[in-house]
Each structure stands twice: as C-alpha cells, then as structure tokens.
Amino acid sequence: MKKLLFNLGGLLLLALCLYGADRFAGDYYLRVLTQVAIFITLAVSYNLVVGISGQLHLGPNAFITIGAYTATLLTLTPAEKDLIFLMKPLVWPLSQVSLPFVWSLLAGGLVAAGFGFLTGFPVFRVRGDYLAIVTLGFGEVVRVLANNLQGLTNGSLGLKGLAPYTTIWWAWGLAVVTVVVVQALKNSGYGRALAAIRQDETAARAMGINTFQHLLLAYVLSAFFFGLGGGLLAHLITTISPNLFTFFLTFNLLIIIVVGGLGSTTGAVLSAFLFTVAGEWLRFVEEPQVVLGLPIPGIPGMRQVIFSLALLLVIIFFRRGLLGRREFSWGDTVRVFRRIFPARLPSSDLR
Amino acid sequence: MILLETQQLGVKFGGLLALDNFNLALPTGSLYGLIGPNGAGKTTVFNLLSGFLHPSHGDMVFAGQDLQKLPPYARTLLGVARTFQNIRLFEDLSVMDNVLVGFHCRRRTAWWDGVLRLPDYRREEKEQRLRAWALLEEVDLRDAAQERAGQLPYGHQRRLEIARALATQPRLLLLDEPAAGLNPQETLELMDFLREIRARHALTLLIIEHNLRLVMNLCEHLTVLDHGLTIAAGPPPEMQKHPQVIKAYLGK
C-alpha cells in the first residue's frame, strides 16, 4: 500500500515537472526531455529481452524502424505523400490513407509486434551467439529493405516534413506505461519464469516451462514498445531515413542497458537519462573554446571519444552496471534522503 | 498398475551405443533404483525419459501416453519431474523463488492477468506461495526462504532441488544421485525423507545412486547397467549376490 502511494506521488511530481517544463522551458530543453523519455521507453523494453530474459537481441533497430515508418506513412496526408515520393509513388492504399496520430502510433506498435511474432519463430530456434547474429541480420534486412523499397519507404530519400506530434506528454506517458508494464511483468510469475530461463534454460524446461513461449512473449512485447518508440521518435525529429536506424542505434541501447545494469528497470531509466543528457551536454567539446586562457579548437567526433572514455570508467568501477540487478526502490530513496538529512530527534539519543 | 514402461529403449551417438535394449516396467507407487558404474548410461536413461535426448529406437509410455514426440516441458506437465546429477538450481533467485518457478507450469492464468494483477492471478499467486511454504517446511528450508539459492550449503541445495521438482506436482520423480556428497547421517535422513514424500505426494520414484547401502535398503527393485546394457534386474537381495553385478562394481 505504501509503495502504491509513493508511486502515485512520484507520478504526480513527474506530471508537475513536465507541466513546468512545458510552460517555462525553452524549445531545446523540451526536445532533450522528450528524447530522454523516448530512450527510457526503448531502453526499458530492451532490458526485458536482454537483461531479464538473458537473450542477446541485436535487432531492436528493426522494430524501431518498422514503427517509425508505419506511423509516418499513416500520419502523412495524401498530398504530402505526393510531394515526398518523387521517384516512385507510394503504393495504394497507403497513398490515400491518413490517420490521426494516436491510431498511426498504435498501428506502428502493432505492426512491429506482428513482425516480432513472425521473426520470433526462426529467432528462437537458436540461442546465445547465434541468436545475436540472427537478430542482427534481421535488423540489417529491415534497414536494407527500407533503403530499397522505393515505392513503400521512399528509399534513401526518406520521409520529410512530418508534423511534430510528439509532445513531452506523449513521450513521458509512453515511458511511464512501459516502465509499469515491464516491472509488472518482471515481478509476476511470468517474470520469474523469464529470470529462471536466463539462469538455466535446461532446468527451466525440466520444470515444465515452455521456454519458447515465454521468450517469444518478451520479444514481441518489446517489439511493440520499440514500434511505439520509433513512431514517437519519427514525429520528434520530423524527418526519417533508413540510415537513422542502423545497428548504431541498437548499439547505443545496448550501452544504455549495460551501464544501467542488465535486468534493472530503474537502472535502465537512470542510464537512458544520463546517456541522452550527457550526449547533448558533451556537444560543447566540439565547439572551439578557451580553457584557462588557452584556445582549444573544436574537434568533431570528440564527443564520442569522451563518451567512450566515460563508459570505460563506469564499467571499470561498476562492473555490473550502475545498479547491477537491483532496482532502486522507494526504500532506497528514503535511505539516501536520511543519509543527507539525518534525523536528530531527542528520542533517538536515548538508545 | 504400470506407470512407466520402456521397451527396447536405446540411443546411439555416432558409432557409440550408449544405451541398448533398456526395458523397464515401473509400477505406480514403487521405489525403483538404477545402478551401475560411471558411464553405464544411467543419466542417459533419465535424459531419454525427461525428453532431453531422442532415442534411436524403442518406446517410452507414461500413464498410457507415448512420450516420444513430447518436449521436456510437456513431459513435466504430464507428471514426469527430475533432478540433475550436477545441481541445476536458479542460483541468483531466492530459495522461495526457485520453488515458485516449479509451481509456474501449473498456472491457469495468462501473462496479462499477471501484468494487470487481476483477482484470479492474485488468488493463484497466494495459493502457490502457501504451497511453496509448505514444501519448504517439508525440506526444512523455511528459514532460508529469502536466501540466494547459490549461497546455500550443498546438502541444502540438494533438498531445494527436490522441493522445486515436487512443486511441479509430479507423479513420477526421477532422482539423479540424490545422496551424492552427503555424509552417512544425512544419507539416512534422505532415505526417511524419500519414503515420506513418496507417501505424502503419492509418488513413484526412480533413483540413480552409487551409494549401495542406500539403494539396497530403500529400493524395491534394481536395474543394473554396464556399458549401456542391462546386466541384471531384480530385488536388491538378488542383486547383491549376482556375479556380474559384483564383477561390475568390484572388478574381477
């Protein structure tokens, strides 16, 4: 009961902060905040498959792509599509369809989940490194298809001029839903079964668990959230093209969840936040500046170098990620608070 | 009534005949033993019965059902549970969670019931938890419920593995060397324990063991394997005097 109250209180606080940001913060900060939320969604659902279920899934970029393109192709008006599809017109019926954002987004999630279901059958015939390669392969296939199916995705030209439907409320709303769903699953009997599968799949099978079904569940559920996240991402950046969704995106997500701690949802949230904010903050090293009187030229790519160094340090000192497998609970928050502000009541001295 | 029957069961690994012509008729409620030197094929029999290995020839019938096409999880659902020679617990999970995972296969609610915490799911969870506590009480691990399974002493881990297997509500329990690593006192306790659970859970037991004292005193019937072949089968007193059994265990 206490936990529920704390959770609701936390949500209220979040809503207040978002409202404050929406009204008073500049466009740039709002954008970063929105991006943080999208990455939280992506990271938390990725963690479901990799951290909690223990499968090295290297294809989330495929589902993000599918979600992004599906949502985009549905929100664009026929007139806009006419303009964008220069080389080859968009296939029917997509060329005539235009749906409100909420349905397009949902469709993006469902189509991605559908592909997740179909690919789940070949993917889960293998395990370990082979599963990694199969999912990686699928990620590449989707990207290549997006690049070549001129009549569907407009190929390398991409889709431009999307309406910026993604607000801070959409992004954080989805992030909260994702966290709630993934945590609820993790703490349920099915989550326990997934943890067991991660530990020892043979023993799990011997205990009557249909491991294929359970892994497929995690895989399809994560694909759904990837699709939704992709749709939101598309309508934040307002331009999408195939080279936006390369393996690099998967790689970034992998870094986020490893640094946060594989299997920890709160770790993924924290790490997604740090990753996105740090990524933006470190932009300054690519501008020329004056440090202690010495002019230092801006070196493009310096951001990545410093980022990688920071990552290295985190992993050296926090071998299992910032939070390991643990979750940061409300109890921990209270404990941290007490450390900073220790209670000094007369009664406690009587001990 | 015969609960489990195998007919001419055998498996080949390339040129090696790991098991051949294995015949067993396990009556319901019985406590049978499977013995033989290392490498004789005993665990192979368990792997075949539990579905982790496909036979090259022969049949396996459990409670009138042909086991051949069924994957391991389906066999457990039918009522065939096993433990492993090298303990395979879920080490990072708590003792309680290990047992709860055993109960999971008997769930009737779906994953969304779990996510939404619907009343049916809650009721099921509560019931499974109560039964888990009862099982832990039976194996005397109640106090260790929240400990990480990997941190338990060896003897406790063995008991936990049995409790977890019992959680799947089996009819047949295959125990692979349950007394391995136990001292004489613990072995005696194990013998009493096995008799108790057989009665309390209406089980049929098939045990692989090296500890001849345990096997001779506990089992109603023994099958002796050597190099994949059955060299003798019958009640323990007969096996003790059987020349080939003596030769296999003690050498010439």
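The values are calculated or read from the model by the stated rules, or taken from the named source; none is laboratory data. This structure is a prediction, so every number in the text was calculated from the model and none was measured. Positions of Cβ are backbone-derived with ideal geometry, glycine not excepted, and every protein chain shown enters the neighbour counts.
Overview of values
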| quantity | calculated |
| --- | --- |
| Test set (1) in contact with a Lys or Arg (Cβ under 9 Å, 6 or more places away or on another chain); (2) of a type in the set (A, V, I, L, M, F, W, C); (3) in contact (Cβ under 8 Å) with a residue 60 or more places away in the chain; (4) outside any helix (DSSP H, G or I) - residue B:84 fails condition number | (1) |
| Qualifying residue in segment A:120-135 (condition: farther than 30 Å from residue B:72 by Cα, surrounded by fewer than 17 Cβ atoms within 10 Å (Cβ to Cβ) and of a type in the set (Lys, Arg)) | no |
| Residue list for segment A:54-106, restricted to those being of a type in the set (Gly, Ala, Ser), under 29 Å from residue A:222 (Cβ atoms) and in contact with a Phe, Trp or Tyr (Cβ under 9 Å, 6 or more places away or on another chain) | A:59, A:62, A:67, A:68, A:71, A:104 |
| Single condition residue B:136 does not satisfy, out of (1) over 18 Å from the mean Cα position of the chain (by Cα); (2) among the aliphatic types (A, V, I, L, M); (3) more than 13 Å from chain A (Cβ to nearest Cβ) | (1) |
| Residue pairs meeting the criteria (Cβ under 6 Å; at least 6 apart or on separate chains; first more than 7 Å from chain A (Cβ to nearest Cβ) and touching a residue at least 12 places away in the same chain (Cβ under 8 Å), in segment B:89-110; second acidic (Asp, Glu) and surrounded by fewer than 21 Cβ atoms within 10 Å (Cβ to Cβ)) | B:95/B:147; B:109/B:120; B:109/B:124 |
| First in segment A:322-351 and among the acidic types (Asp, Glu), second anywhere and at pLDDT 80 or above, Cβ under 7 Å, 6 or more apart | A:327/A:264; A:327/A:265; A:327/A:266 |
| Conditions (1) over 12 Å from residue B:99 (Cα atoms); (2) surrounded by 14 or more Cβ atoms within 10 Å (Cβ to Cβ); (3) within 14 Å of chain A (Cβ to nearest Cβ): number failed by residue B:123 | (2) |
| Some residue of segment B:160-183 being surrounded by fewer than 20 Cβ atoms within 10 Å (Cβ to Cβ), farther than 28 Å from residue B:92 by Cα and assigned by TED's automatic domain parsing to the domain that holds residue B:130 | yes |
| Residue tally, condition closer than 20 Å to residue B:216 by Cβ and either in a strand (DSSP E or B) or without any contact (Cβ under 8 Å) to a residue 24 or more places away in the chain (or both), over segment B:19-37 | 8 |
| Residue satisfying all of: in segment A:143-160; touching a Ser or Thr at 6+ places or on another chain (Cβ under 7 Å) and surrounded by 20 or more Cβ atoms within 10 Å (Cβ to Cβ); nearest to residue A:94 (Cα to Cα) among these | A:159 |
| Some residue of segment A:58-72 being farther than 26 Å from residue A:261 by Cβ, of a type outside the set (Phe, Trp, Tyr) and in contact with a strand residue (DSSP E or B) (Cβ under 6 Å, 6 or more places away or on another chain) | yes |
| Residue ID - nearest to the other protein chains (Cβ to nearest Cβ), chosen from residues in segment B:141-189 that are charged (D, E, K, R) and over 28 Å from residue B:44 (Cβ atoms) | B:148 |
| Matching residues in segment B:35-72 - criterion: being within 11 Å of chain A (Cβ to nearest Cβ), buried (at least 21 other Cβ atoms within 10 Å of the Cβ) and out of contact with any Leu (no Cβ under 7 Å at 6 or more places or on another chain) | B:72 |
| Check on residue B:46, part of a helix (DSSP H, G or I) and under 17 Å from residue B:222 (Cα atoms) | yes |
| Test: residue in segment A:299-321 that is under 19 Å from residue A:48 (Cα atoms) and under 21 Å from the mean Cα position of the chain (by Cα) | yes |
| Any hit, segment A:147-154, residues being closer than 30 Å to residue A:27 by Cα, away from chain B (no Cβ under 14 Å) and touching a residue at least 40 places away in the same chain (Cβ under 8 Å) | yes |
| Selection from segment B:221-247 of residues that are loosely packed, with under 13 Cβ neighbours inside 10 Å and part of a loop (DSSP other than H, G, I, E, B) | B:235 |
| Number of the exception - residue B:106 against (1) closer than 17 Å to residue A:186 by Cα; (2) charged (D, E, K, R); (3) in contact with a Ser or Thr (Cβ under 9 Å, 6 or more places away or on another chain) | (1) |
| Number of the condition not met by residue B:84 [criteria: (1) in contact with a helix residue (DSSP H, G or I) (Cβ under 6 Å, 6 or more places away or on another chain); (2) under 29 Å from residue A:48 (Cα atoms); (3) within 12 Å of another protein chain (Cβ to nearest Cβ)] | (1) |
| Residue among A:43, A:25, A:79, A:62 that is exposed (fewer than 13 other Cβ atoms within 10 Å of the Cβ), hydrophobic (A, V, I, L, M, F, W, C) and on the phi < 0 side of the Ramachandran plot | A:79 |
| Those helices (runs of 4 or more DSSP H) lying entirely in segment A:192-299 with at least 1 residues among the basic types (Lys, Arg) and within 13 Å of chain B (Cβ to nearest Cβ) | A:201-206 |
| Candidates A:63, A:101, A:85, A:24, filtered to the one that is aromatic (Phe, Trp, Tyr) and modelled with pLDDT of 95 or more | A:63 |
| Qualifying position, being more than 21 Å from residue B:79 (Cα to Cα) and either modelled with pLDDT under 95 or out of contact with any Ser or Thr (no Cβ under 8 Å at 6 or more places or on another chain) (or both), among B:194, B:218, B:203 | B:218 |
| Per-region count, segment A:164-191, residues facing another protein chain (nearest Cβ under 7 Å) and without any contact (Cβ under 8 Å) to a residue 12 or more places away in the chain | 3 |
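Okay, residues lined up against (1) crowded, with 18+ Cβ neighbours inside 10 Å; (2) closer than 30 Å to residue A:5 by Cβ; (3) at pLDDT 85 or above:
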| position | (1), (2), (3) |
| --- | --- |
| A:244 | yes, no, yes |
| A:268 | yes, yes, yes |
| A:288 | no, no, no |
| A:292 | no, no, no |
| A:297 | no, no, no |
| A:321 | yes, yes, no |
| A:334 | no, yes, no |
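Yes/no matrix, rows are residues, columns are (1) assigned to a strand (DSSP E or B); (2) β-branched (Val, Ile, Thr); (3) closer than 24 Å to residue B:28 by Cα:
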site: B:54; (1), (2), (3): no, no, no
site: B:69; (1), (2), (3): no, no, yes
site: B:76; (1), (2), (3): no, yes, yes
site: B:96; (1), (2), (3): no, no, no
site: B:99; (1), (2), (3): no, yes, no
